[in-house]
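Derivation of every value follows stated rules applied to the coordinates shown; laboratory data play no part. Treat the numbers as computed from the prediction; the structure is a model and nothing was measured. Because the Cβ atoms are built from the backbone with ideal geometry, glycine has one as well, and the counts that use them run over all protein chains shown.
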Amino acid sequence: MAQKRILLLTPGFPASETDDRCNPPLQLLGKEWLEMGIQVDIITLDYPFTSVPYHWHDAHVWPCNGRNQKSRKVLTLLKAYQIGLQQSKTLPVESQIVILSCWLGWASFVGNQIAQKTGLKHYTILMGQDVLRSNRLHLSRLSNYRFQHLIAVSAFHNEWRKKNTGHSAGQIIPWGLPKSLPAFTSIESRQNLILGVGNLIPVKNWDKWLDTLALFLPAHPEFKAILIGAGPQKAHLEQRSRDLGLSGFVTFTDSISRAEVIACMKQARILLHTADYESFGFVLAEGLVEGLKIVSTPVGIASKLSDLLGNTPTELANCLEEALHHTSQKAQLPTMMEVADQYIQVLFQAEN
């Protein structure tokens, strides 16, 4: 039987096996492929900031050290293209190899160039805001063939794709959960704690998060809230918290490891998520698995995981109130092992 191999192109990938903050769902998916005996070769454009090849578990990683710098862009893309061609030519003839790029951006651009040169199939996972009109540079380059080789990570994500281009992705494959999940603490034994987790950037709308808490916390002074994340809006949000009189209730932390985030989730009662847009919202799935009540705006997979959804601070504050009496449910999602198998079925299917 031919060896199945995936040539993965991505803007960033973990710098080591202990780097758990860089794209957790892609890491989990990669580990599953490796356990299935799939060979995974990874070309990363910008991160980590090194040009030295390394191993991640049993995968080979070739970093191009672009460092997200425009001045390095052309040389970075050329280097990634050359590495991709070299890897596709050095594989045994009996191998089945597919190019898989992450984000509809420069990684998918390089993947497409390699595919055109080698005749290999090329799929792209749409990872986030790459389906929005702001990505018109790469959206405008898509052919009908390429549309059929795009993979969205949720129905919500795909609807945005169709809204902005008139075309749906060829496949919808949601992220899955780890196959071995730790038992979570019963909701009654947890702290009166509300979590927010994510980058402190405008699309996450942490102003709405604070406005929601300002409506909820006065009637529930026993509750505290922690916002976990780093980003350019931190100073603004800290000042906003003070202006709303939340200084004694809300704590800000910098970005911490995924393991530390999970530890916080095990102690809290509610995950409050107020983003304006999510392609999937992996933090929602992680929160539900860890036993948290999910209160969210209707983005990504939120509607599949919770009925405690709202758009305005008032609606979300009412959902927080309801969450105090809501029956806890464990996530009913596919495991990442099942998702990995679905990817293999799609990537290596015969084409007409």
| note | Two pseudo-spin positions, 7 Å from Cα along C-beta at ALA263 and at ARG21, lie apart in nanometres by 1.5 nm
| task | Exposed loop trypsin sites (Lys or Arg not before Pro) only (DSSP loop, at most 16 other Cβ atoms within 10 Å): please give the longest stretch of the chain free of them, not including the sites. | result | 180-329
| Computed helical MRE - 222 nm, the chain, DSSP H runs ≥ 4 contributing -39500 (n - 2.57), nearest 500 | -10500 deg cm²/dmol
| Rounded to 5, percent antiparallel among DSSP beta bridges of the chain | 5 percent
| request: Would you please classify the overall shape of the stretch 185-267 from the alpha carbon gyration tensor, given that a ≥ b ≥ c denote the square roots of the eigenvalues, rounded means a/c under 1.5, and beyond that prolate means a/b larger than b/c while oblate covers the rest? | output: oblate
| task | Could you work out which residue, out of LEU309, LEU213, LEU34, moves most in a Gaussian network model of the chain, that is, has the largest mean-square fluctuation with Cα springs under 10 Å? | result | LEU34
| field | Amide H within-cut-off set for TRP62, under 5 Å, with H built and near neighbours excluded | value | ILE42, ILE43, THR44
| query | Based on the Cβ-Cβ distance of ASN311 and LYS89, what FRET efficiency does E = 1/(1 + (r/R0)^6) give at R0 = 56 Å, to the nearest 0.05? | reply | 0.60
| said: List the lysines whose Cα sits under 21 Å from the Cα of LYS31, skipping any in the same chain fewer than 8 residues away. | reply: LYS4, LYS179
| request: Could you tell me which of PRO14, LEU210, ALA107 has its Cα farthest along the dipole of the chain towards the positive end, charges placed at Cβ (Lys, Arg +1; Asp, Glu -1), taken about the Cα centre? | output: ALA107
| query | Label-point separation (nm) for GLN3 and SER143, each offset 7 Å from Cα along Cα-to-Cβ? | reply | 3.0 nm
| message | Among the listed pairs LYS79/LYS121; LYS163/LYS293; LYS89/LYS163, which have their C-alpha atoms separated by more than 28 angstrom in this model? | response | LYS163/LYS293; LYS89/LYS163
| query | What's the exposure ranking of LEU333, LEU45, LEU7, going from fewest to most Cβ atoms within 10 Å? | reply | LEU333, LEU7, LEU45
| remark: Here the residues of the stretch 54-69 lying in the modelled label zone of ASN199, meaning backbone nitrogen under 17 Å from a point 7 Å along Cα-to-Cβ, are 66-69
| Spatial extent of the stretch 187-323: Rg and Dmax, with the Cα atoms as the point set, Å | 13.3, 36
| message | Suppose we flag GluC sites (Glu not before Pro) only when DSSP calls them loop and at most 15 other Cβ atoms lie within 10 Å. Which is the longest uninterrupted stretch of the chain? | response | 223-350
| request: Evaluate the distance, in nm, between pseudo-label points positioned 7 Å from the Cα of GLN349 and of HIS220 along their respective Cα→Cβ axes. | output: 4.4 nm
| message | Relative to 2.2 N^0.38 Å, what does the C-alpha radius of gyration of the stretch 67-221 come to as a ratio? Two decimals please. | response | 1.41
| remark: For THR335, other-chain or 5+-apart residues with amide H closer than 5 Å (H placed, Pro excluded) are LEU177
